[in-house]
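Just below is one structure, and these are the notes that go with it.
The values are calculated or read from the model by the stated rules, or taken from the named source; none is laboratory data. Note that the structure is a prediction, hence the values are computed from the model and not measured. Here the Cβ is made from the backbone with ideal geometry for all residues, glycine too, and neighbour counts use every protein chain on show. Accessible surface areas use protein heavy atoms only, side chains included; no ligands, DNA or RNA. Shrake-Rupley method; radii C 1.70, N 1.55, O 1.52, S 1.80 Å.
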Amino acid sequence: MPIVSPLYRTTQDTQLPSQPITLSGVTKSPTEQLDELKSLANDVIKLLQTRIGVTEFSAILVKVQSHVSQVQSQRRERRKQLAVIDPELHAKKKIRKHESSRRRRQEQMSEHARRRTRIVVRRAYGDKSSEK
């Protein structure tokens, strides 16, 4: 069970790494990193299934899934209790989260505008490679 838990969490993970990682001169995007990691985790899971048997592995996986869902529900409960016990702290966290998502959205819009401007400039100077 100790090895299955991180493998399960890895295969279920949806959060991308914050920064691209460069290993031996090769830079991979966060999406590529996550896909490669999930692929490796799935390979190890298949290897474990063949080694210990499908029924035993399934029983272990069910235990891990129930443990993960139990921990998640405990975290949800703590957040709800915090909102009741300390509304000011809850409000601060909520504002911080909103500001973070707002900043991220503005960065995405500015990046899109920058790309759009670059395409318009290329077209104005007659660069045919940017047209599709």
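General remarks:
- If you go through segment 67-113 and keep only what is under 19 Å from the mean Cα position of the chain (by Cα) and more than 29 Å from Arg9 (Cα to Cα), you end up with just Glu107.
- Among the conditions (1) open to solvent by 90 Å² or more (accessible area, probe 1.4 Å); (2) closer than 30 Å to Leu7 by Cβ; (3) of a type in the set (Ser, Thr, Tyr), the only one that Ser66 does not satisfy is (1).
Here's the yes/no breakdown for (1) on the phi < 0 side of the Ramachandran plot; (2) exposed (fewer than 13 other Cβ atoms within 10 Å of the Cβ); (3) in contact with a Phe, Trp or Tyr (Cβ under 7 Å, 6 or more places away or on another chain):
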| residue | (1), (2), (3) |
| --- | --- |
| Thr14 | yes, yes, no |
| Leu37 | yes, no, no |
| Leu48 | yes, no, yes |
| Phe57 | yes, no, no |
| Leu82 | yes, no, no |
| Glu99 | yes, yes, no |
| Ser110 | yes, yes, no |
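- The C-beta contact set for segment 30-44 (first residue under 13 Å from Asp13 (Cα atoms) and of a type in the set (A, V, I, L, M), second residue open to solvent by 70 Å² or more (accessible area, probe 1.4 Å) and not in a helix (DSSP H, G or I), distance under 9 angstrom, 6+ apart or interchain) comprises Leu34/Thr14; Leu34/Gln15; Leu34/Leu16.
Quick grid of which residues meet (1) hydroxyl-bearing (Ser, Thr, Tyr); (2) at pLDDT 90 or above:
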position: Ser18; (1), (2): yes, no
position: Lys28; (1), (2): no, no
position: Asn42; (1), (2): no, yes
position: Lys46; (1), (2): no, yes
position: Arg51; (1), (2): no, yes
position: Gln72; (1), (2): no, yes
position: Arg75; (1), (2): no, yes
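- Restricting attention to segment 1-12, the residues being modelled with pLDDT of 80 or more, of a type outside the set (S, T, N, Q) and within 16 Å of Ser69 (Cα to Cα) number 5.
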